[in-house]
Every structure is written in C-alpha cells, then in structure tokens.
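Comments concern the structure below.
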Amino acid sequence: MEERLQKILARAGVASRRKVEEMIEQGLVTVNGHVAKLGEKADPERDAIKVENRRIQPHKGEHHYLLLNKPRGVMSTISDPEGRQTVMDFIPPVFHKALVPVGRLDYHTEGLILLTDDGEFAQRVAHPRYGSVKTYEVKVKGRPSEAALDRLRAGILLEGKRTAPAKITPRHSPVAHRRRRDDDEGGENSWWTVQLTEGRTRQIREMFLRISHPVQKLRRVGIGPLRDPDLPLGSVRELQPREVEMLLRSSREKAKAKAKKAPAKKAAAKTPPAKKPAARKPAAKKPAARKAAAAKKRPASKKTSR
C-alpha cells in the first residue's frame, strides 16, 4: 500500500518525520533511482527506497523505547565526525539497529533523552506542534530578580525569532537521598525549574546570559509527564508500555488543546473593531425660520421728516 515517504521512513526508524522531511528536501532520499520530492508516495514492499544510497527496509516486529540519563560531554547523535562520545555508546548493541535519539540535548547538558526506532512516536514527543513540555533544573550565578525572570518568561528574541513563553519557578530542594554534590543550596548561586514547549539550541543558557546570570549547571529532568529521578547518570532502561502510552496520550491532549485555541485566535484577529456612532449634524433650518431670524437681527429703519 502506498504511503507518504516521510511516514514510511519515520516508521522504519530513520529519523523523526520532521527530520525526514528535511532529508527529502536535501535530496538524500531516492525511490527506484530518482530523487524523491516532499509529499511523494511509495510502497515499501514494492519500491526501492534509499536514504544516502542505503536501502530502507520496512519495520517489522515490536518497537523499542529507551530512556537514557545522558552525562555532560556526550553528543545526542548517532555518530560524531570529531570522534566524541555519543548517546549510542551507552546503548546495548542489541538495540542499535534503526535506533535514533528523540530530539536533542546540548553537549554540555545532562539529563533525560529518549531513543527509539518508532519515528511516529519520536515525531509526537519532539515536535513543538504537539506541545510536549520539557522540564529542566538550572543552576545560575546569583539570584535573578522577578522583573528579570518575567522578561525570560515572556520570551526572548533568538536569531531573529521570539521564543515561546517559558515557565520559571524556584526549584524545590531535592530529597536527601537524591541530592548530589553540585546541588548546593544557598550561597551566591540559585536553582530554578524551567519548562519549555519549544526548545531552541542553547536557549536556556542564552536566556539567563541575557539577564547577566550565566548558567552553571543544566539538566533535563522531565519529558512531558515522564520522570525518573532514580536513574543514575549514564544508565539506560526500556520504557514500560504504560509510559509509552502516557507520553502519546499527553501529546494528543496537548495537540487538541492547541487546535481549539487556534480558531479562537483567528476569529479574534478577523473581527473588525466596533465603529463609533457618527456625530449628529445640527438640523438645517427651514427657509421661513431663517428669514425670521434674519429679520430680528436687522436694525429697524428710521423715518425722515420733511
């Protein structure tokens, strides 16, 4: 059965649907020898679909969903041309086939990142359209004022485009047995919880730098409703089926909520402002009334005696 290429390749675990669309636009995908176009359809059982000259086979069997607590100094990519350590170095070889990271996590940022061979799942968790909230704990130099934090909450201009609003609150102190050496409270530094629906490259670091409170530590602690404070750094585990469903359900609910808001905003934008009633002009005087008024204004003529 024919389907859109981006859906076939995402389901085969090549990448998220968004990334696959970029690959098609770059001319990296071919179907039966010709360069594919965005929106083109194909049959994975019949057609020869290749990505960078590598034949893609349709996915068969169950998908895998892994959660890794990435350390700092690790690339969130499958490979690195500079030879740096990547997230794949922490994954057991049995899972390597068709596994891709879901979204990205900066080289100097630690924390939770998902890996899967299910491209549709990756699309729903990573794409801003589905409103998946990413939660971070941020340690910054000094203590920002509420006025400065409000500037960040409203969004900043980053590379010519304003970032989506962010939620920023003081971080609650971690439970004693989960506290780490760099979790010092008080002193000259402060910890904050930041929630983003649309993460841009190095966004949080740039946000706090703008208000002169540079980031000292940064870790992702939540992906949508998913948390795992007990997963050690560098450790990986498979998601339970209920966790996969929880993430998908959350993305569906967020997408529905955004879809409901969109028509209301469009309707408000299209509604023209109410017109003010025109001021009434004074009624025109009738000819007889005008003559009478003019006669009253004229001085009476004096009679001369002879």
Test: residue in region 50-59 that is closer than 24 Å to Pro225 by Cα and not assigned by TED's automatic domain parsing to the domain that holds Val236: no
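Just to be sure before I move on: is Ala98 surrounded by fewer than 21 Cβ atoms within 10 Å (Cβ to Cβ), hydrophobic (A, V, I, L, M, F, W, C), touching a residue at least 60 places away in the same chain (Cβ under 8 Å) and under 17 Å from Ile78 (Cα atoms) in the structure I sent? Even if it seems obvious, please write down each step before you answer.
On the way: surrounded by fewer than 21 Cβ atoms within 10 Å (Cβ to Cβ): yes; hydrophobic (A, V, I, L, M, F, W, C): yes; touching a residue at least 60 places away in the same chain (Cβ under 8 Å): yes; under 17 Å from Ile78 (Cα atoms): yes.
Considered against the rule, which asks whether it is surrounded by fewer than 21 Cβ atoms within 10 Å (Cβ to Cβ), hydrophobic (A, V, I, L, M, F, W, C), touching a residue at least 60 places away in the same chain (Cβ under 8 Å) and under 17 Å from Ile78 (Cα atoms), Ala98 comes out as yes.
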Search result, residues across region 1-41 that are small (Gly, Ala, Ser), farther than 9 Å from Gly119 by Cβ and touching a helix residue (DSSP H, G or I) at 6+ places or on another chain (Cβ under 9 Å): Ala36, Gly39
Gly234, sole failed condition from (1) assigned to a loop (DSSP other than H, G, I, E, B); (2) more than 27 Å from Asp89 (Cα to Cα): (2)
Test: residue in region 249-259 that is at pLDDT 85 or above, surrounded by 12 or more Cβ atoms within 10 Å (Cβ to Cβ) and touching a strand residue (DSSP E or B) at 6+ places or on another chain (Cβ under 6 Å): no
Lone unmet requirement of (1) surrounded by 14 or more Cβ atoms within 10 Å (Cβ to Cβ); (2) without any contact (Cβ under 8 Å) to a residue 40 or more places away in the chain; (3) of a type in the set (D, E, K, R) for Arg17: (2)
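Take the conditions of a type in the set (D, E, K, R), not in a strand (DSSP E or B) and not assigned by TED's automatic domain parsing to the domain that holds Glu238 and apply them to Arg18. Does it pass? Steps first, please.
On the way: of a type in the set (D, E, K, R): yes; not in a strand (DSSP E or B): yes; not assigned by TED's automatic domain parsing to the domain that holds Glu238: yes.
Answer is yes for this residue.
Here's a check for you: in region 143-179, which residue that is polar (S, T, N, Q) and at pLDDT 95 or above is nearest to Gln195 (Cα to Cα)?
Initially, region 143-179 is screened for residues polar (S, T, N, Q), giving 145, 163, 169, 173.
If we keep only those that are at pLDDT 95 or above as well, we get 145, 169.
On the way: Ser145: 18, Thr169: 9 Å.
Once the filter is applied, the top-ranked residue is Thr169.
Matching residues to (1) surrounded by 13 or more Cβ atoms within 10 Å (Cβ to Cβ); (2) out of contact with any Leu (no Cβ under 9 Å at 6 or more places or on another chain); (3) touching a residue at least 12 places away in the same chain (Cβ under 8 Å); (4) not assigned by TED's automatic domain parsing to the domain that holds Arg202:
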site	(1), (2), (3), (4)
His34	no, yes, no, yes
Lys41	yes, no, yes, yes
Arg46	no, yes, no, yes
Pro71	yes, no, yes, no
Val74	yes, no, yes, no
Asp89	no, yes, yes, no
Gly103	yes, no, yes, no
Leu112	yes, no, yes, no
Residues of region 198-228 that turn out to be modelled with pLDDT of 95 or more, closer than 19 Å to Leu149 by Cβ and assigned to a loop (DSSP other than H, G, I, E, B), as a count: 4
Elements of type strands (runs of 3 or more DSSP E) contained in region 27-122, each with 1 or more residues being at negative phi and of a type in the set (Asp, Glu): 110-116
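The values are calculated or read from the model by the stated rules, or taken from the named source; none is laboratory data. Just so you know, these numbers come straight off a predicted model, no measurement behind them. When we count neighbours, we look across all protein chains shown, and the Cβ atoms used for this are built from the backbone with ideal geometry, even at glycine.
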